[in-house]
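The values are calculated or read from the model by the stated rules, or taken from the named source; none is laboratory data. All of these numbers come straight from a predicted model, not from anything done at the bench. A quick note on method: Cβ atoms are made from the backbone with ideal geometry, for glycine too, and the neighbour counts reach across all protein chains shown.
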Amino acid sequence: MLDQIIAQIPTFFTRFTFEFLLGAMGRTLAMTALGCGVGIVLGAIIAVIRGTKARVLAPLRFVLTVLVEVFRRIPFLVNLFIVMFALQGFGSDISLFTIATVSICIVATAFLSEVIRAGLESVPRQQVEAAEVMNFGFLRTLFLVLLPQSWKVILPPAFAFMVMFIKDTSLASQMGVVELTFTGKVLMNRGFSPFLVYGAVLAAYFILSYPLSRLGAYLENRLASPRSRKTLKRVRSATGSPRHHTLG
């Protein structure tokens with residue numbers, strides 16, 4: 001086996017292999033960035049709506065709560081196939097990349113809405129009551145009181161969730177999306193040793209995730225105050241520990 005690996009090294013480490021892996025890394029990162037970017041915007045909207053007390057929004061709050069709880073508990077692979085069959089009803093020309101990205105958007109929205117909601121709730125209630133006494137409206141309280149204090153609590157676990165999802169995009173290979181794990185299957189079918197192939201795939205995932213995870217750790221240590229560090233533990237507990245949680 002070792003002789004086979006050594007013999008394949010010159011033919012494996014070629015320009016084609018590197019370009020193939022780089023393209024897959026780009027698609028993996030693009031799916032994660034697009035999905036989590038949309039997820040944090042929609043998640044913020046959901047978190048804000050769920051934080052309101054208006055009676056007229058009670059039915060909407062109930063529906064959003066149910067959707068968040070459901071999609072937080074559906075395995076990502078199952079969610080991928082649900083979205084695939086749902087979108088194919090609108091047309092068969094929808095790309096698998098689009099289907100995977102929409103699936104990530106849905107799951108990211110569910111998880112990140114909880115991260116944001118827990119972050120908003122970390123602001124002491126007395127400050128919100130003080131804003132109400134000063135006749136601040138809901139939006140003014142949100143932008144002048146809640147967000148300036150909660151974003152430091154929200155950012156680290158949201159960033160950790162994005163880093164985690166880089167690895168979970170590997171499940172998209174089950175439906176044919178040409179990301180890193182799928183490129184490993186393609187290279188295996190070309191007759192290369194699995195040690196070479198998946199060693200290269202492992203290195204590619206490490207190159208993508210390690211710098212981002214270090215940046216996330218730096219942001220957490222840099223931004224978190226003693227009070228917010230305690231809140232971060234509560235956020236991770238409430239949202240399923242996004243730093244270590246797996247969706248597969």
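Quick one: in region 1-54, of everything that is without any contact (Cβ under 8 Å) to a residue 60 or more places away in the chain and among the charged types (D, E, K, R), which residue is farthest from Ala200 (Cα to Cα)? So the residue we want is Lys53.
Ser228: at pLDDT below 60, out of contact with any strand residue (DSSP E or B) (no Cβ under 6 Å at 6 or more places or on another chain) and of a type in the set (S, T, N, Q), yes or no? Judged against the criteria, Ser228 is a match.
Matching residues to (1) under 16 Å from the mean Cα position of the chain (by Cα); (2) over 19 Å from Gly216 (Cα atoms):
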| site | (1), (2) |
| --- | --- |
| Ala110 | yes, yes |
| Val115 | yes, no |
| Ser150 | no, no |
| Val153 | no, no |
| Ile166 | yes, no |
| Gly176 | no, yes |
| Lys185 | no, yes |
| Met188 | no, yes |
| Pro194 | no, yes |
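Filtering region 150-162 to residues that are without any contact (Cβ under 8 Å) to a residue 40 or more places away in the chain and either in contact with a Ser or Thr (Cβ under 8 Å, 6 or more places away or on another chain) or closer than 11 Å to Arg27 by Cβ (or both) leaves only Ser150. Taking every residue in region 102-131 that is farther than 24 Å from Ile74 by Cα and pairing it with any residue that is crowded, with 19+ Cβ neighbours inside 10 Å and among the small types (Gly, Ala, Ser), at least 6 positions away or on another chain, the pairs with Cβ-Cβ distances below 9 Å are Leu120/Ala47; Leu120/Ser150; Glu121/Ser150; Ser122/Ser150; Ser122/Ser228; Val123/Ser150. None of Ala131, Ala160, Ala108 is more than 13 Å from Val48 (Cα to Cα), among the small types (Gly, Ala, Ser), assigned to a helix (DSSP H, G or I) and in contact with an Asp or Glu (Cβ under 9 Å, 6 or more places away or on another chain) except Ala160.
Those residues that are aromatic (Phe, Trp, Tyr), surrounded by 13 or more Cβ atoms within 10 Å (Cβ to Cβ) and free of Cβ contacts under 8 Å to residues at least 24 places away in the same chain, I need them from region 163-216; list them, please. Selection gives Tyr198 alone.
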